[in-house]
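Q: First, the structure itself, so that you have it in front of you.
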Amino acid sequence: MDLSRRQVLFAAAATLGVGLLPDFAWAADPPTPAQPAAPARSLILLTMAGGMSHLDTLDPKPGRPVQGEIGTIPSVVDGVMLAATLPRLAQRLDRCALIRSLNSNQGAHEQGMYLARTAYTLRGTVRHPALGAYAAHLLPRLNPTLPPFVTIGGDSRHPGAGFLPAGCSPLPIGDAEAGLRHAAPSTGIAAERAQRRLALLGQLDAHGGAPEAASVRAYRELYAEAVKLMSSQDLAAFDLTQEAEALRTAYGDDPFGNGCLLARRLVERGVRTVEVGLGGWDTHDDNADRVRGRCAILDRTLPALLDDLAARGLLATTLVAVVTEFGRSPVINVRDGRDHHPACFSGLLAGAGIRGGVVHGASDEDGAKPLRDPVSLPDLQATLAHALGIDLQQVVQAPDGRPFTVADKGKPITSILL
């Protein structure tokens, strides 16, 4: 049985005949907030790969030299400014919670994004699961046909299911507009013949009477699920041509826009976690111009996604998160760029379980470091997991017997949770 530090303290006190005051125990091991009354049904995770500049997006510093040539604009939330690159998002900030005190100890892209996705440091001895894999493993499946975890606009370095069973792995969609490729049954094989082939495959897998290896069983289950999906009406979820042209235009005819539209279609049908990537934020050169280009996409698609979810009654059940691996430096370098800056950056949450129109934490006057209420990437992971209703203290064992929890030692940001 696994014991928390709090339980150990109480057990020791009982042995010694000494009572511990609750406040003393909590100081040693702060209690996890109670599970949300109405946890988020789904998560749409928008990963800004490359290190999104917080100063030029979510945490501008008006009047300071560090701001550079990108200006600032007011939002609908009193006293909260955004960079001028995000005018449409600024009008919807009352639906969002800003986090302006994120920080990381990882300043390289792969290691930083791995930490953002898993809450653990990248190591050669173990591959940790992404949050979507944990959700697939620990939460009930919402749709028995569709996969519980989908990634769009793939990343070959994605941690995927990590040490969890293969059934928790994400279904990767490289091109949202192309949908799920090779999903139609072969036109040259009759259904009866196909069923005979599947039956023969099952016999071969069971041949010899030896206990079935976990890897073989996982492969067989995934194969069966793929066959089931091929003949299901849920396959239409991947077909963007079923959407009205006006809505497709609102999202944007580009990979990120199509990916977010597909994400909405998938969560609408019971996919638990969808991750959509928007890269290109590594702005060591020509930071201002390149950020404007990325934000032109983000500021069109993110508001369209929030509006669409709200119009369908899905924003109340869907958590939307914008995350990046680190920020960009307050100092503008000789190439008019900003370099990696893990010491301080920003994120955004909206939708189910999140208080709108709030700002958690603050950076100093130059955006160089957190001024108050610092938030680690494991804390952010804990916040997302908690909003989904995942028990943060539940222990999951890796194949080698080592115990892990969803967000490592991260604590949820209670001030932004409903």
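Q: Before we move on, is GLY293 out of contact with any Lys or Arg (no Cβ under 8 Å at 6 or more places or on another chain) and in a helix (DSSP H, G or I)? Give the steps one after another, and end with the answer.
A: Details: out of contact with any Lys or Arg (no Cβ under 8 Å at 6 or more places or on another chain): yes; in a helix (DSSP H, G or I): yes.
When the stated conditions are applied, GLY293 passes them.
Q: I would also like to ask the following. Sort out which residues of region 331-344 are under 23 Å from THR383 (Cα atoms) and in a loop (DSSP other than H, G, I, E, B), and write them in order of number. Full working, then the answer.
A: Looking only at region 331-344, we keep the residues that are under 23 Å from THR383 (Cα atoms), and these are 341-344.
Within region 331-344, PRO342, ALA343, CYS344 qualify.
Q: Check region 166-175 and report whether any residue there is touching a residue at least 40 places away in the same chain (Cβ under 8 Å) and assigned to a strand (DSSP E or B).
A: Yes: region 166-175 contains one or more residues that are touching a residue at least 40 places away in the same chain (Cβ under 8 Å) and assigned to a strand (DSSP E or B).
Q: To continue, here is another question. Which ranges mark the strands (runs of 3 or more DSSP E) fully within region 345-401 that have 1 or more residues being touching a His at 6+ places or on another chain (Cβ under 6 Å) and of a type in the set (Ser, Thr, Tyr)? Before the answer, list the steps.
A: Values: elements: 345-351, 358-360, 370-372.
Ranges flagged: 345-351.
Q: I would also like to ask the following. Which residue out of THR15, THR57, THR72 is at pLDDT below 95 and not charged (D, E, K, R)?
A: Working: THR57 fails: at pLDDT below 95; THR72 fails: at pLDDT below 95.
Answer to the selection: THR15.
Q: Exactly one of these conditions fails for ASP282: (1) part of a helix (DSSP H, G or I); (2) farther than 24 Å from ALA161 by Cβ; (3) not aliphatic (A, V, I, L, M). Give me its number.
A: (1)
Q: Does LEU247 satisfy the criteria of being in contact with an Asp or Glu (Cβ under 9 Å, 6 or more places away or on another chain), surrounded by fewer than 24 Cβ atoms within 10 Å (Cβ to Cβ) and more than 24 Å from SER156 (Cβ to Cβ)?
A: Numbers: in contact with an Asp or Glu (Cβ under 9 Å, 6 or more places away or on another chain): yes; surrounded by fewer than 24 Cβ atoms within 10 Å (Cβ to Cβ): yes; more than 24 Å from SER156 (Cβ to Cβ): yes.
Against the criterion (in contact with an Asp or Glu (Cβ under 9 Å, 6 or more places away or on another chain), surrounded by fewer than 24 Cβ atoms within 10 Å (Cβ to Cβ) and more than 24 Å from SER156 (Cβ to Cβ)), LEU247 qualifies.
Q: Can you pull out every residue in region 250-269 that is of a type outside the set (Gly, Ala, Ser), out of contact with any strand residue (DSSP E or B) (no Cβ under 7 Å at 6 or more places or on another chain) and either part of a helix (DSSP H, G or I) or surrounded by 19 or more Cβ atoms within 10 Å (Cβ to Cβ) (or both)?
A: Passing the criteria: TYR251, PRO255, ASN258, LEU261, ARG264, ARG265, GLU268.
Q: Right, next: Take LEU314 and decide whether it is in contact (Cβ under 8 Å) with a residue 24 or more places away in the chain and either surrounded by 24 or more Cβ atoms within 10 Å (Cβ to Cβ) or under 16 Å from the mean Cα position of the chain (by Cα) (or both).
A: Values: in contact (Cβ under 8 Å) with a residue 24 or more places away in the chain: yes; either surrounded by 24 or more Cβ atoms within 10 Å (Cβ to Cβ) or under 16 Å from the mean Cα position of the chain (by Cα) (or both): no.
No.
Q: I would also like to ask the following. Going by what's in this entry, would LEU315 be described as aliphatic (A, V, I, L, M), more than 27 Å from PRO62 (Cβ to Cβ) and part of a loop (DSSP other than H, G, I, E, B)? Give the steps one after another, and end with the answer.
A: On the way: aliphatic (A, V, I, L, M): yes; more than 27 Å from PRO62 (Cβ to Cβ): yes; part of a loop (DSSP other than H, G, I, E, B): yes.
Considered against the rule, which asks whether it is aliphatic (A, V, I, L, M), more than 27 Å from PRO62 (Cβ to Cβ) and part of a loop (DSSP other than H, G, I, E, B), LEU315 comes out as yes.
Q: Is there any pair with a first residue in region 366-389 that is basic (Lys, Arg) and a second that is buried (at least 24 other Cβ atoms within 10 Å of the Cβ) whose Cβ atoms are under 6 Å apart and which are 6 or more apart or on different chains, and what are they?
A: From region 366-389, the pairs are LYS369/CYS344.
Q: When you go through GLY361, GLY347 one by one, which is the residue that is crowded, with 19+ Cβ neighbours inside 10 Å, in contact with an Asp or Glu (Cβ under 6 Å, 6 or more places away or on another chain) and within 23 Å of GLY79 (Cα to Cα)? Outline the logic, then answer.
A: Details: GLY347 fails: in contact with an Asp or Glu (Cβ under 6 Å, 6 or more places away or on another chain).
After applying the criteria, what remains is GLY361.
Q: Considering only helices (runs of 4 or more DSSP H) fully contained in region 37-156, which possess at least 3 residues that are under 23 Å from ALA316 (Cα atoms) and among the aliphatic types (A, V, I, L, M)?
A: Working: elements: 87-90, 109-118, 131-138.
Of the helices (runs of 4 or more DSSP H) lying wholly inside region 37-156, those with at least 3 residues that are under 23 Å from ALA316 (Cα atoms) and among the aliphatic types (A, V, I, L, M) span 131-138.
Q: For LYS369, are the conditions met, namely being within 20 Å of SER104 (Cβ to Cβ), among the basic types (Lys, Arg), in contact with an Asp or Glu (Cβ under 7 Å, 6 or more places away or on another chain) and at pLDDT 95 or above?
A: So LYS369 does not fit the description; no.
Q: Which of the residues spanning region 154-181 are in contact with a Ser or Thr (Cβ under 9 Å, 6 or more places away or on another chain) and more than 16 Å from ASP239 (Cα to Cα)?
A: ASP155, HIS158, PRO159, GLY160, ALA161, GLY162, ALA166, PRO170
The values are calculated or read from the model by the stated rules, or taken from the named source; none is laboratory data. This is a predicted model, so every value here is computed, not measured. Note that each Cβ is placed from the backbone with ideal geometry, even for glycine, and that neighbours are counted across all protein chains shown.
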